[in-house]
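The values are calculated or read from the model by the stated rules, or taken from the named source; none is laboratory data. All values derive from a computational prediction rather than experimental measurement. Don't worry about glycine lacking a Cβ; one is built from the backbone with ideal geometry, like all the others, and counts go over all protein chains shown. Calculation scope for accessible area: heavy atoms of the full protein, side chains included, ligands and nucleic acids excluded. Shrake-Rupley method; radii C 1.70, N 1.55, O 1.52, S 1.80 Å.
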Amino acid sequence: MLKIGHRGAAAYAPENTLTSFRRAVELGADGVEFDLHRARDGTFVVLHDDTVDRTTDGHGKVEALTVAELRRFDAGSWKGREFAGERIPTFDEVIAAVPQRILLFAELKDGSARSPGIEDALARFIRERGVVERVRVSSFDHRALARLRPLVPDLETGALFTGLPVDLVALARNAAAQAVHPSFHYLTREAVEEAHRAGLAVNAWTVNEPEDIEAVRGMGVDGIFSDHPDRLR
Ligand code: G3P
Ligand code: MG
């Protein structure tokens with residue numbers, strides 16, 4: 001079962017920072033999850049929210065700021081004084097910061113509906129960097145995943161959702177995804193088995209409490225996202 005650090009090791013370091021990703025690797029993660037947005041100049045940057053307000057000392061919408069502007073903000077102090085000076089990383093920096101063997105679970109926050117052309121830009125990015133095998137793209141925007149499929153046919157993608165769909169195999173097929181990424185709250189062993197019979201992988205998020213980790217592991221999932229990747233061992 002894949003041990004995936006959610007936003008790196010978000011329980012121990014400021015989420016979605018290089019320190020957080022390195023921490024996840026130290027704690028034994030097989031992969032790191034992070035959230036992707038595009039800065040005003042088109043650079044792929046890594047943070048969760050649409051704005052920088054919660055996780056930096058800056059203010060404003062990510063898409064309205066250039067990468068140079070975004071990098072002036074302190075993305076660590078909100079979590080603790082020892083993280084002062086941490087920056088919003090670019091996708092390129094994340095790729096360079098973690099060892100080759102670590103899977104990169106990139107969650108695309110906006111598809112073309114909110115960020116026109118973003119799937120083409122991401123496909124180009126992944127192909128130019130030669131990281132098709134290291135990167136797995138997920139999104140709540142299943143149309144974005146469907147758009148990515150012909151652009152990078154070998155890319156592994158995961159359809160994110162909350163709740164328990166009546167037909168999760170159809171949900172994945174419609175998104176042209178190889179994996180489903182359900183919220184663990186609604187997940188059942190039966191749903192995991194249905195996915196497996198259809199050849200789909202199941203990676204559940206975001207599981208932090210030890211008893212929940214044991215329960216979800218017992219359902220036979222292929223991966224778990226956790227803010228505490230050390231607890232997945
Ligand atoms: O990829 C799983 C999880 O990250 C999805 O939700 O809000 O933490 O990005 P969120
Ligand atoms: Mg995420």
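Values for this structure:
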| item | result |
| --- | --- |
| Meets criteria (within 16 Å of ligand 2 (Cβ to nearest atom), within 25 Å of A9 (Cβ to Cβ) and either open to solvent by 10 Å² or more (accessible area, probe 1.4 Å) or free of Cβ contacts under 8 Å to residues at least 24 places away in the same chain (or both)) for L108 | no |
| Filter result (open to solvent by 10 Å² or more (accessible area, probe 1.4 Å) and part of a helix (DSSP H, G or I)) within the stretch 135-163 | H142, R143, A146, R147, R149, P150, L151 |
| Test: residue in the stretch 44-54 that is open to solvent by 20 Å² or more (accessible area, probe 1.4 Å), of a type outside the set (D, E), within 16 Å of ligand 1 (Cβ to nearest atom) and free of Cβ contacts under 8 Å to residues at least 12 places away in the same chain | yes |
| Enumeration of residues in the stretch 186-233 that are surrounded by 14 or more Cβ atoms within 10 Å (Cβ to Cβ), assigned to a helix (DSSP H, G or I) and either within 16 Å of ligand 1 (Cβ to nearest atom) or free of Cβ contacts under 8 Å to residues at least 40 places away in the same chain (or both) | A191, V192, E194, A195, H196, D212, I213, A215, V216, P229, R231, L232 |
| Some residue of the stretch 134-153 being within 16 Å of ligand 2 (Cβ to nearest atom) and charged (D, E, K, R) | yes |
| Of the criteria (1) of a type in the set (A, V, I, L, M); (2) away from ligand 1 (no atom under 16 Å from the Cβ); (3) in a strand (DSSP E or B), which one L104 fails | (2) |
